[in-house]
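Remarks on the structure that follows.
Every number in this text was worked out from the coordinates using simple rules, so none of it is lab data. Computed from a predicted structure; not experimentally measured. Ideal geometry is used to build each Cβ from the backbone, glycine not excepted, and the neighbour counts take in all protein chains shown.
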Amino acid sequence: MRITGIDVYAYAVGYVHGTYVMSGGREATHEDGTLVRLRTDEGLVGWGEVTTLGRTYLPTSPGTIRAGLAELAPALLGLDPTRPSVVNRVLDATLLGQPYAKSAVDIACWDLAGKALDRPVADLLGGVLTERWPLYEAVPLGEPAAMAAFVARRRAAGIERFQLKVGNEPRADVDRTRACVEAGGPSTVVVADANGGWDLASARTAVHGLAGLSGPPVFVEQPCRTTADCALVHRGSPLPLVLDESVSTLADVWAAKQDAGAVSVNLKISRVGGLTRTALLRDAMQELGLRVSLEDMWGGDVITAAVSQLAASTRPESLFMTSFFNDWTDGHVAGHQPRSVDGHGSLPDGPGLGVEVDVSLLGEPVLTLSA
């Protein structure tokens, strides 16, 4: 099989709960998503997605990603997409860095590899180990009562794992977390996620306050921007630490465990550079005894399908937090598949990613190239 064409589409991905708010005043109601279609000489097509969360969350943007794809596209023509590692070597030899642009291409290659073999991507990643898993949902930063009401509302839909957006004034963040813990039940898991929004003093204040809350320990996620600062904050704390934005390589995973004492890492597919590298880090984390969280920055049906393939092929005892973004957003370009049920996710039916994009819902490509 050979790649004979690449099409890049832009599409709007709205947040279904109104306004998504993070630390530092970062807000989102709609995001500018990017879908990549790889066409082949055998008539099969593969899809990938990368959708940013604003322009100040991670070092990328829709324009940056599409500029990277324009640089990479000519090098893809003629490659065999069923060999993702070979494709990644060509991508890395063509353009240094730019994992976000490469991620969408890598996902599309895995989609094609699965379709060529008539198997879900999860089988190609080692096999389905988890057929049904609990999902988490992020709680936008707001007043304590509003955040608690969000938790109560989503618990009614079956969600029992929540990632609270904190990272502003630490005492107010403790109040926000307390309200959400009280709105939860005995099986509710609460993660206070600062998205790197605290400085050292604020993070220490917040962690001290969070340690004093009654009930099961609250997980603290990415209190500061760097792993080194997170390690300083976590020193002496009884609360379990989760890292996210500061981890993108295998060396970062090792430092997360050995230097920071983290118990889990949240792997975002696009930050790592695609399914190929995410699966590598996921497997290493499982061997290191770390809990695995799987997601991306944002997105709709396609990225949700990619996350589901990773989740299904992860050991159930290792899988910690997983999001179905198409529960949070209206990016339903593939019939709102995969679909969650009672707060749990599962694989969509079908080979590859298991979803088929309805091209009629998209406009003209913003970039197209054919052999």
Over the chain: helical MRE at 222 nm, DSSP H runs n ≥ 4 each giving -39500 (n - 2.57), nearest 500: -11000 deg cm²/dmol
Taking the chain and dividing mean pair separation by its residue count, relative contact order in percent (alpha carbons under 8 Å, at least six apart): 22
Between 0 and 90°, nearest 10: helix 301-312 axis offset from the chain longest Cα axis: 70
For the chain, size of Cβ-based charge dipole, Lys and Arg +1, Asp and Glu -1, in debye: 600
Net +/- balance of residues flanking Thr34 in space, Cβ distance below 13 Å, scoring K and R +1, D and E -1: -2
